[in-house]
Every structure is written in structure tokens, then in C-alpha cells.
Amino acid sequence: MKIHKEGFRTIILTAIVAAVIIALTVFLIVPSYPVLGWITVAIIIGLFLFIVSFFRIPSRDHASGEDIFVAPCDGTVVVIEEVEADEYFKDRRLQLSIFMSPLNVHVNRNPVSGEVMYSQYHKGKYLVAWHPKSSTDNERHSVVYKQGDKEMLVKQIAGALAKRIVNYLKPGDKVAMGEEMGFIKFGSRVDLLLPLGTQVDVKINQKVKGGVTILGKW
């Protein structure tokens, strides 16, 4: 298992802080209150390991194929419904949303191969990721992929804990399905806006894996 480059700075800072707290606990608390002291040490180590695991990149065999689109992230499908597009598109679209908990892998991947037509960051609020207005009101980054005559918009959306969205794509880029497109720190969500009539092969509350789970055909 690899560690994502976006986590290096956070992990180093966390390690320093954890080491200082553990050292102070061992020297100042353990001698007088050994049970409390060692419980504190165990909690600090557990929190550090959680931070490290958050930036993990597990080894996987990614899906491939024609006319399919895959999950751009790990998480749970929370929305499958028609919506009025509020960005780039001027028509109604099929929205498929995936909620990412802090325990999920947070690497984001291209759901399709094609050309990047649009890539735009938007400042915003930090509503909980499952809030209906998080898709339009929260901090987010939107990307439009074009494959043949079809276009798909993907939104990386910040949640209540996420304060930084990273996206590596720019208009004109040629990308491949399953390659990294970005990263969102801590709890968050990813929306896909698809053409009406798109075949969706997943259900609400289904768990999906980024780059692996085939969401449907378009």
C-alpha cells in the first residue's frame, strides 16, 4: 500500500505533534497515573495511524471497457435522480452522488476516458456532505469530460470536515479511465451529472470503489 503525495506534509506534522504529546505523557503523567498515561498514549497512536490510513492508496485492478463509467471514488451511493443542471449544462441531467466517509480512500479517479472540456474551482460553504444543498453551495471543483459526442460533469464537493480540494486536470487534457484526477481531504462527496437515459447499474446505499465499480453505461 502506498501513501498519497497529498498526505506527506500532514503526516509529518501529525507525527511531530504526536511524538511531543507522547513524550510529555510518558515523562509527566505515566509516573503518577500510569493507567491514564498509557491510555492517552494508545489514543494518540491510534489517531496517528488513522491519519496515515486516510491517505492510503490500495493496490487494485481497475475496470476497463467501452461505453462504461466507473466510480470516481470510494463511498456509498446516496443520490440517483433527475436534476436541473446549474453549471456548464443548460438542460436536465441524471445526478448520481457518492458520499465518502473519513474511513474511505479519498483518491478521486477519472470515471471515463476522454478529453477534459472544463475545469473550475468554486469557493463555498462546508455543509455536511449529505445535505441536499452541498452540491451547489459547498466548496467544490467541477470537471467536464467529453467522450465522442457525450459529456459528463463530475463535482468534487467538500464536506463539513474537508477544507481542501485538489484537482489535477485542465481543459484540453486527454485522460484515461481510472487515472487520478484529484483528492479531497476528509469527509466529502462526488457528484456525477450524466445525460438523461444513462443506464445506471448501482443502487442507493450501495458501496462502491473508485476506479473499480462500474456504475453503468452511457
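A few notes on this one:
- Of all lysines in the structure, the ones whose alpha carbon falls short of 16 Å from that of LYS170, not counting any fewer than 8 places away in one chain, are LYS146, LYS155.
- Whole-Å distance, taken between Cα centres, linking the stretch 1-26 and the stretch 63-119: 32
- Sites count as exposed loop sites when they are GluC sites (Glu not before Pro), lie in a DSSP loop, and have at most 16 other Cβ atoms within 10 angstrom; the longest stretch of the chain without one is 88-178.
- Label zone (ARG92, point 7 Å along Cα-to-C-beta; backbone nitrogen cut-off 11 Å) within the stretch 175-204: 196-197.
- The mean sequence separation of alpha-carbon pairs under 8 Å and at least six residues apart, normalised by the residue count of the chain, gives a relative contact order of 25 percent.
- Spatially near lysine pairs across the stretch 1-139, Cα under 30 Å, sequence gap of 8 or more or different chains: 7
- Amide H contacts under 5 Å for ARG92, placed H, 5+ residues apart: ALA85
- Working ranking of peptides 142-149, 49-56 by packing, defined as the average number of other Cβ atoms within 10 Å per residue, highest first, is 142-149, 49-56.
- FRET E, pair GLU84, ASP173, Förster distance 30 Å, beta-carbon r, rounded to 0.05: 0.60
- Residue order for LYS209, LYS90 - accessible surface, 1.4 angstrom probe, largest first: LYS90, LYS209
- A 1.4 Å probe run over the chain, with the rest of the protein chains in place, finds 50 Å² accessible per residue.
- Dividing the Cα radius of gyration of the chain by 2.2 N^0.38 Å, with N the residue count, gives 1.16.
- Computed from the C-beta positions of TYR33 and MET1, the FRET efficiency with R₀ = 25 Å rounds to 0.10.
The values are calculated or read from the model by the stated rules, or taken from the named source; none is laboratory data. Because the structure is predicted, anything quoted here is derived from the model rather than measured. Backbone-built Cβ (ideal geometry, glycine too); neighbour counts: all protein chains shown. Ligands, DNA and RNA are excluded from the accessible area calculation, which covers all protein heavy atoms including side chains. Shrake-Rupley method; radii C 1.70, N 1.55, O 1.52, S 1.80 Å.
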